[in-house]
Amino acid sequence: MPSNAGYHLFQTGDVLTAAQVQYNLQNQSIMYFADAATRDADLTGVLAEGMFAYLADSNATTFYDGAAWQTLSTGGDLTALTAGAGITITNPTGPVPTVAISTGATLTSPRETITISGTAATGAINIDTLTSTVNIRTANATGAYTLNVRGDASTTLNSLMTTGEQISIVFESPNGVTPYYPTTFYVDGNAVTPKWLGAVPSSGNASSTDVYVYTIRKTGAATFTCVASQNKFV
């Protein structure tokens with residue numbers, strides 16, 4: 001059986017052949033049938049890959065893949081959605097279904113993306129939360145530095161958070177015999193003075209690795225507070 005003929009550019013004065021009508025026009029249209037049984041009966045012996053058929057009883061558009069009829073759509077709705085733990089399907093129909101995330105859901109072994117950099121800490125350092133909230137330096141710090149937390153170069157942290165939310169940032173840096181530490185902390189380029197666990201650090205720890213943990217709380221529009229800790233690892 002000949003295959004469907006794809007696109008054909010007809011010229012003025014061309015005489016249509018039976019093959020052109022069949023394989024350029026008929027077989028490549030979306031044919032209308034009352035149901036699948038009528039489609040199958042009418043197309044017995046003439047099936048060709050690429051045929052389309054609309055079924056009125058189910059409002060479904062089907063196509064023949066060379067072996068069987070497949071459903072292209074069922075009226076635009078999505079079906080057979082399955083909700084995982086902590087998720088409720090609030091509207092299962094399409095074109096865009098909606099779900100709700102349960103509060104108080106239990107997380108099992110969540111993983112975090114971390115940033116590992118061989119660049120020594122010094123000067124102004126940006127922490128992009130859209131990339132990761134954990135920033136690890138593997139080379140000894142070479143000078144005093146500042147930390148600025150943001151979404152990324154074009155996105156503020158303020159735009160990512162709602163009042164009443166918090167986010168935690170981890171910055172890890174080793175020191176050689178001359179220790180350095182973050183002298184100023186910023187959110188979206190604006191200085192925020194953290195409340196420190198124990199005491200406000202005045203230096204880093206020599207020949208050790210310092211890990212700083214900052215918990216940032218959004219308390220209003222572009223307004224943040226922060227609690228922080230300096231932790232020495234040897």
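The values are calculated or read from the model by the stated rules, or taken from the named source; none is laboratory data. Keep in mind that what you see is a predicted model, and the values were worked out from it rather than measured. As a convention, Cβ positions derive from the backbone with ideal geometry for all residues, glycine included, and neighbour counts pool all protein chains shown.
Among the residues that make up the stretch 106-116, is at least one of them surrounded by 13 or more Cβ atoms within 10 Å (Cβ to Cβ), of a type outside the set (Phe, Trp, Tyr), out of contact with any helix residue (DSSP H, G or I) (no Cβ under 8 Å at 6 or more places or on another chain) and farther than 30 Å from Leu72 by Cβ?
Within the stretch 106-116, the subset surrounded by 13 or more Cβ atoms within 10 Å (Cβ to Cβ) is 114-115.
Those left that are additionally of a type outside the set (Phe, Trp, Tyr): 114-115.
With out of contact with any helix residue (DSSP H, G or I) (no Cβ under 8 Å at 6 or more places or on another chain) added as a condition, the list becomes 114-115.
Filter once more, so that each one left must be farther than 30 Å from Leu72 by Cβ: 114-115.
Looking through the stretch 106-116, at least one residue is surrounded by 13 or more Cβ atoms within 10 Å (Cβ to Cβ), of a type outside the set (Phe, Trp, Tyr), out of contact with any helix residue (DSSP H, G or I) (no Cβ under 8 Å at 6 or more places or on another chain) and farther than 30 Å from Leu72 by Cβ.
Taking the condition of being in contact with a Gly (Cβ under 9 Å, 6 or more places away or on another chain) and either touching a residue at least 40 places away in the same chain (Cβ under 8 Å) or under 16 Å from Ser117 (Cβ atoms) (or both), how many residues in the stretch 133-155 meet it?
Here is the first cut: in the stretch 133-155, the residues in contact with a Gly (Cβ under 9 Å, 6 or more places away or on another chain) are 137-146, 148, 150.
Cutting the leftovers down to either touching a residue at least 40 places away in the same chain (Cβ under 8 Å) or under 16 Å from Ser117 (Cβ atoms) (or both) gives us 137-143, 145-146, 148.
The total comes to 10.
On the given criteria, is Thr93 in a loop (DSSP other than H, G, I, E, B), out of contact with any Leu (no Cβ under 9 Å at 6 or more places or on another chain) and at pLDDT below 95?
On the way: in a loop (DSSP other than H, G, I, E, B): yes; out of contact with any Leu (no Cβ under 9 Å at 6 or more places or on another chain): no; at pLDDT below 95: yes.
Criteria not met by Thr93.
Scanning the stretch 97-124 for residues that are without any contact (Cβ under 8 Å) to a residue 40 or more places away in the chain and of a type in the set (Val, Ile, Thr) yields Thr98, Val99, Ile101, Thr103, Thr106, Thr108, Thr113, Ile114, Thr115, Ile116, Thr119.
Against the conditions (1) free of Cβ contacts under 8 Å to residues at least 24 places away in the same chain; (2) crowded, with 17+ Cβ neighbours inside 10 Å; (3) of a type outside the set (Gly, Ala, Ser), Val187 satisfies every one except (1). The number of residues in the stretch 214-226 being more than 14 Å from Val149 (Cα to Cα) and assigned to a strand (DSSP E or B) comes to 2. Can you tell me which residue within the stretch 190-208, out of those that are of a type in the set (S, T, N, Q) and over 26 Å from Gly151 (Cα atoms), is surrounded by the fewest Cβ atoms within 10 Å (Cβ to Cβ)? Step by step, filter the stretch 190-208, then rank; the result is Ser202.
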